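Beneath this line is the structure, given in structure tokens, with notes to follow.
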């Protein structure tokens, strides 16, 4: 092998680390699997994917909708990733999203404040409510050993019915409807001048800026602070962390509370920027459960979550464009499910890559 080829190979390995390689391979395999299903169903996969990517990025309106769809997924994915990095599986981010949205809708409608105060107070209301909600699961795990998966699944359903319960009250529910009163304009984070450019139907808002800033803050906390070190230490090995003087139980509750704050922020921003209200829920909306997939695709890292949320949101929104040639929307769910499946098969892909490298090395010798 020439020196030039070796240098290129080293540079490629430096740019594409193992985790990123496996994620990109998983995404490619997911798209290939979806393409094969499209082919079997009688559709041209190249035409279908072309329509999907045009639906994602083909115009300023489509880009704006992709960003809007991705914003809550950044925060719900970040919530799952943060908990996972600290040794917890936060499957309750769906309920935390609902509680955050409910609290924000109440604060946004009931309070009469100038925008400079109303906007941050509404966001904080959603964050604190969801943080306290998630802390219940953390407390149950720390105090009684109740597994967070069981606790958070139950809390999801309690959150859903609590949302519906509050919508029974006349002070909050809009007459002759199944929705709450709309939040006041002083609590809205919509970007009016940008809506004039991309179209009035697109709910562009400042949520994406807040979400990206939150990704940076969480990344800094995990990597550069004593709190982040303690939380990660508990996640890696609780016995060793306790031996090192770290209060394990306190950190479990704190980790779940922070994860809940992130999920609640997603719900609050969605209400303030997109829905402007909450409605009676017959079933889960899916923002939290999709956040689990986003976290897995992003390898449970804050920066990875940011990019995977855009991928997930883009595929979800752009995929609707495939209906122009008669492709059912279920194909999009199959593509996303296939990507998550291949990422879940992390070890298998890793073994395949290692074996291919070994066989390549033998051939060179």
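The values are calculated or read from the model by the stated rules, or taken from the named source; none is laboratory data. The structure presented is a predicted model; accordingly, all values stated were derived computationally and were not measured. Every residue, glycine as well, gets a Cβ built from its backbone with ideal geometry; the counts of neighbours run over all protein chains shown.
Yes or no, residue by residue, for (1) modelled with pLDDT of 95 or more; (2) over 22 Å from residue 302 (Cβ atoms); (3) in contact with a helix residue (DSSP H, G or I) (Cβ under 6 Å, 6 or more places away or on another chain):
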residue: 84; (1), (2), (3): no, no, no
residue: 103; (1), (2), (3): yes, yes, yes
residue: 108; (1), (2), (3): yes, yes, yes
residue: 128; (1), (2), (3): yes, no, no
residue: 156; (1), (2), (3): yes, yes, yes
residue: 173; (1), (2), (3): yes, yes, no
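Pull up segment 194-204, narrow it to residues that are assigned to a helix (DSSP H, G or I) and touching a helix residue (DSSP H, G or I) at 6+ places or on another chain (Cβ under 8 Å), then point me to the one that is surrounded by the fewest Cβ atoms within 10 Å (Cβ to Cβ). Break it down into steps so the answer makes sense when it comes.
Step one: filter segment 194-204 for residues assigned to a helix (DSSP H, G or I), giving 194-198.
Narrowing the set further to residues that are touching a helix residue (DSSP H, G or I) at 6+ places or on another chain (Cβ under 8 Å) leaves 194, 197-198.
On the way: 194: 15, 197: 12, 198: 19.
Checking each candidate, the answer is 197.
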Task: Top-ranked residue in segment 245-261 [being out of contact with any helix residue (DSSP H, G or I) (no Cβ under 7 Å at 6 or more places or on another chain) and outside any helix (DSSP H, G or I); ranked as surrounded by the fewest Cβ atoms within 10 Å (Cβ to Cβ)] - done: 245
Open item on the list: Could you go through segment 202-224 and let me know if any residue there is at pLDDT below 90 and under 28 Å from residue 122 (Cβ atoms).
Closed with: yes
TODO: Please state which one of 179, 186 is surrounded by fewer than 19 Cβ atoms within 10 Å (Cβ to Cβ), in contact with a strand residue (DSSP E or B) (Cβ under 7 Å, 6 or more places away or on another chain) and closer than 30 Å to residue 63 by Cα.
DONE: 179
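Among the residues of segment 205-238, which ones are crowded, with 17+ Cβ neighbours inside 10 Å, more than 18 Å from the chain's Cα centre (by Cα) and in contact (Cβ under 8 Å) with a residue 60 or more places away in the chain?
231, 232, 234, 235
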- [ ] Would you check if residue 91 is on the phi < 0 side of the Ramachandran plot, assigned to a helix (DSSP H, G or I), touching a helix residue (DSSP H, G or I) at 6+ places or on another chain (Cβ under 9 Å) and at pLDDT 90 or above?
- [x] no
Task: Cross-chain or 6+ apart pairs with Cβ under 7 Å, segment 321-346 first and surrounded by fewer than 21 Cβ atoms within 10 Å (Cβ to Cβ), then modelled with pLDDT of 80 or more and outside any helix (DSSP H, G or I) - done: 325/43
